[in-house]
Protein chains: 2
Amino acid sequence: MDLKKYLKEKKDAVDSFFREYFREQRRPAVLQESMLYSLFAGGKRVRPILAMAAYEACGGAAADIVPYASTLELIHTYSLIHDDLPAMDNDDLRRGKPTNHKVYGEAVAILAGDALLTEAFRILSDPSHSNKVKDRDLLKASAEIAAAAGYQGMVAGQVQDILSENAEADAETLQFIHRHKTAALIRASVKAGGILSGSSSEVVGALTSYGENMGHAFQVIDDILDVEGDTEELGKTVGSDEKINKMTYPRLYGLERSRGIAKELVDAAVASLDVFSSGADPLREIARYLLERRN
Amino acid sequence: MDLKKYLKEKKDAVDSFFREYFREQRRPAVLQESMLYSLFAGGKRVRPILAMAAYEACGGAAADIVPYASTLELIHTYSLIHDDLPAMDNDDLRRGKPTNHKVYGEAVAILAGDALLTEAFRILSDPSHSNKVKDRDLLKASAEIAAAAGYQGMVAGQVQDILSENAEADAETLQFIHRHKTAALIRASVKAGGILSGSSSEVVGALTSYGENMGHAFQVIDDILDVEGDTEELGKTVGSDEKINKMTYPRLYGLERSRGIAKELVDAAVASLDVFSSGADPLREIARYLLERRN
């Protein structure tokens, strides 16, 4: 299969949905502008693509769940805006562009994040976005995503990350941070795709295992890239995590062992897909592609 | 009817739900602590009570929707935490207690707000909280609440409020701010109660009209109290809105006319309830009680 083409098609579907959804100019203009600024700041739509690929692995047509899959990007984007705030990581650049609060100020940036998060659940509460998804499955997918994003998921990881700045790195805390801050939403993305398709709990379980390993791999590779990358390619100040003494895999295990861990995780992710036929090839390809990621 | 007793019973039901829902200590402890600090900082649970009273007006038993009604308090509380931030209103006190960020720092306060908002929609996605509510009605109530809280509702009002600081007060902008910042969620609370009961659109429409007028009245009275009250009674720095030149009703119309407007709105709210029998008496009593509010 042509993975590049696959990724582009799916990304385009998400982008089109956002353009359509937010086409009407709402007041106050600066709020919507600020939301769209970050939403179209170069995100690769990884989480929506994973949700759609999982839905396809279960026999569905990705086009039927584009709005629901897109909510994962709304949540991801909100988390980046809030992470970048002066009170948090205090980052000036994100993907090579000034961060939201640098452009719109802190107040609007906080509120734009709040609005993106809220809009995700507004879309997940609207059954009119698809006639293929059952009400109960939509509720279950929404609950899954909310659990992954909330105080037992992503937010817990972010708080722990902040608490751990300048602390001695220990493996258990690092695991907690990654499992919650990054892996939880990646896992929920894949799982939500399965849930929306109405698949059996066995099938959803296999997807969950894939998502779990992928989520973990994702953060390990992020950490590696942060050490290796150069500012131009990565679009953020390289070594910025190092600078404020954040716990990272390379810091704890060194670069080589970190790369080994990433490979093991990706292999485990692919192995979880054994119950699926070629319908899961995109998920398999995405996993392998992840290892070659350079930005 | 004994309104005081009614309000206390309903408030106790909400408080009990929160204690039960958050009884397990989650990591990191400071996040949950910060969420609960603001959740139990003296809120009167007005929005959940309105939702439950609306549900009862439609013939339901309030006990059947306590978790769903409580989500309105989660959202209200998140909005207060974010409003108080240094980047927004920069308030040190809320209901006589130090604001969340004063106690836990800005980063944790922002994330506690995020977590409360997310948890609201997690609960609204979980049909196991009631066997009386249909899946479709739960989705509709959730969508209604999300719309009221998001970039076309509460967040829009907050952004406009910030944009309007130090600007000349004009009536149209003041209306926009209040309609969105406060009235939208009050209206959604009442409406959601009706939706959850599975009532006809006519009945929900009557509740919406009540909620609309109540929401508006609420903010007018808030503004009046802000001018009149003393710090001890109100628990926040009196005149703080005046100080930073926020648009308020008293500033625009004077105190007496503002009080007249509040009375007209409450009368209109009560008139909307003509289609209901005595089941709507709590809604009627709450409206009249609002006018006598002193804190």
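The values are calculated or read from the model by the stated rules, or taken from the named source; none is laboratory data. The model shown is predicted, which means the values in this text are computed figures rather than measured ones. All Cβ positions, even for glycine, are placed from backbone atoms using ideal geometry, and neighbour counts span all protein chains on display.
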### Message
Let me confirm something: among A:149, A:156, which residue is under 26 Å from residue A:13 (Cα atoms) and within 16 Å of the chain's Cα centre (by Cα)?
### Response
A:149
### Message
Can you find a residue that is under 19 Å from the mean Cα position of the chain (by Cα), hydroxyl-bearing (Ser, Thr, Tyr), away from chain B (no Cβ under 14 Å) and in a helix (DSSP H, G or I) anywhere in segment A:53-61?
### Response
yes
### Answer from A:115, A:107 - the residue that is facing chain B (nearest Cβ under 7 Å) and within 12 Å of residue A:38 (Cβ to Cβ)
A:115
## Note on the structure
Scanning segment B:84-97 residue by residue, those more than 9 Å from chain A (Cβ to nearest Cβ) and either in a strand (DSSP E or B) or crowded, with 21+ Cβ neighbours inside 10 Å (or both) turn out to be B:84, B:89, B:93, B:94, B:97
### Task
Would you mind finding the one in A:79, A:125 that is at pLDDT 95 or above and facing chain B (nearest Cβ under 7 Å)?
A:125
#### Entry: Lone unmet requirement of (1) farther than 18 Å from residue A:116 by Cα; (2) in contact (Cβ under 8 Å) with a residue 24 or more places away in the chain; (3) within 10 Å of chain A (Cβ to nearest Cβ) for residue B:188
(3)
### Task
Might you let me know whether segment B:21-41 holds any residue that is part of a loop (DSSP other than H, G, I, E, B), touching a residue at least 12 places away in the same chain (Cβ under 8 Å) and within 17 Å of the chain's Cα centre (by Cα)?
yes
### Query
Taking segment B:151-170 on its own, how many of its residues are within 8 Å of chain A (Cβ to nearest Cβ) and crowded, with 24+ Cβ neighbours inside 10 Å?
5
### Flag if residue A:64 is over 17 Å from the mean Cα position of the chain (by Cα), touching a residue at least 40 places away in the same chain (Cβ under 8 Å) and assigned to a helix (DSSP H, G or I)
yes
### Message
Which residue is modelled with the lowest pLDDT, if the candidates are limited to segment B:253-295 and must be farther than 20 Å from residue B:2 by Cβ and of a type in the set (Asp, Glu)?
### Response
B:256
### Message
Can you tell me which residue is surrounded by the fewest Cβ atoms within 10 Å (Cβ to Cβ) among those in segment A:128-140 that are in contact with a Pro (Cβ under 9 Å, 6 or more places away or on another chain), more than 7 Å from chain B (Cβ to nearest Cβ) and not charged (D, E, K, R)?
### Response
A:130
### Task
Consider residue A:38 carefully, then state whether it is under 22 Å from residue A:148 (Cα atoms), within 14 Å of another protein chain (Cβ to nearest Cβ), of a type in the set (Ser, Thr, Tyr) and buried (at least 22 other Cβ atoms within 10 Å of the Cβ).
yes
